[in-house]
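In what follows, a single structure is set out as structure tokens and then discussed.
The values are calculated or read from the model by the stated rules, or taken from the named source; none is laboratory data. Since this is a predicted model, take the numbers as computed values, not measurements. Cβ: placed from backbone, ideal geometry, glycine included. Neighbour counts: every protein chain shown. Heavy atoms of the whole protein, side chains included, go into the accessibility calculation; ligands, DNA and RNA do not. Shrake-Rupley method; radii C 1.70, N 1.55, O 1.52, S 1.80 Å.
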Amino acid sequence: MYLYGVFDGFDGNLAAGFTCQRLPHEVLFDDRWKAPGPPKPDTVREILRDAFPNADREYSCHVSRIDKECAPRVAAAGTQHSGEQWKRCGCSAAVALIYQNSLYTANVGSTRILLCMWEGRKLRVLPLSVDHVPSNVEETMRLRKAGHDTSGPVTRCLGALNRKNEPNEIIADPYVSNGDITLEGNQCFLVIASAALFEALGQVRDSQNLNFDLADLIAQELQNQENIHAVAQAVVDSILRQHHARYMVSKSNQHSLNCHEDMTLLVCDLRTKSSAPAVAPLTPTEPVRIPAYVSFDEYYNMKQSEQDRLVYV
């Protein structure tokens, strides 16, 4: 079993940091894996579908504990409630699970998942995610039907608790791919990329198919390099150079071109069984453990390296 994911935070990195620890826990330690015999594909998809709202509820509980920890000190000092920062933070999340040579994917928000396959000399790109953004007609209709506005960056996410006060506004229910995708014998690679990467690529290319453009860049690098980490870095560097050049030109010509945001690209080469994955697989081995929660003071007195090792349980 292999689990890959990208967690793209907004309004801070607190929700992304929590979710990248909690969501794998919800997937890999689900009790349905313990049932006799391997789970059926529908069961695997149910595990992914339940993991997202479960992780979101755990984030809400974690923030509530921080609120209780902060309240006495905030009342005494008369300062702004520090727990509000946790309530503002949210993140898009996209995960891909490889189990028994089959691929299952799920996402909320704007992070995309692509499965790219060679059919002879032709590259085929299969999108396995849905953009939960205001430009998505179905999402806009859902929000308007519930009487909500569509002004936010995403229509579904984890965290962003301050926008989840009303039912059916910003939700954490994921899109889960329906097809049974068998990887054995296929010449393919998997891509998970944040929205900012596609936005920057779209600003430097006049294209109607950015998914294919990104996949084509990766395919070219895969032919030139053996190290999968170098492939991903080369693609991001290429997009950054093109964006910077276009940005400088637009700045001198007084045309508007946005500065790029943080970009994340994960590439997993699935062409052969011997191909090394892009990142170390997340498996249910014994991780670094902490108590049920870390207090507000303990968290902010930690070094960054210690915070990064936290596993929220």
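Values as computed for the structure displayed
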| quantity | calculated |
| --- | --- |
| FRET efficiency for residue 220 and residue 60, using Cβ-Cβ distance with R0 set to 41 Å, rounded to 0.05 | 0.40 |
| Efficiency of FRET between residue 1 and residue 144 - r from beta-carbon atoms, R0 41 angstrom, step 0.05 | 0.55 |
| Percent carbon-and-sulfur accessible area, the range 156-233, ignoring ligands, DNA and RNA, probe 1.4 Å | 38 percent |
| Which of 99, 2, 59 is most accessible, then next, and so on - probe 1.4 Å | 2, 99, 59 |
| Computed label-point distance, nm, for sites residue 151 and residue 84 using a 7 Å Cα→Cβ extension | 1.7 nm |
| Accessible area of the range 1-57 divided out per residue, in Å², using a probe of 1.4 angstrom | 46 Å² |
| Length released on extending from residue 242 to residue 33, taking residue separation times 0.36 nm less the Cα-Cα span | 70.7 nm |
| Where labels lie 7 Å past Cα in the beta-carbon direction, separation of residue 43 and residue 11 in nm | 3.9 nm |
| Candidate residues 29, 52: accessible-area rank, largest first, probe 1.4 Å | 29, 52 |
| The range 106-215 - percent relative contact order, Cα under 8 Å, separation 6 or more | 34 percent |
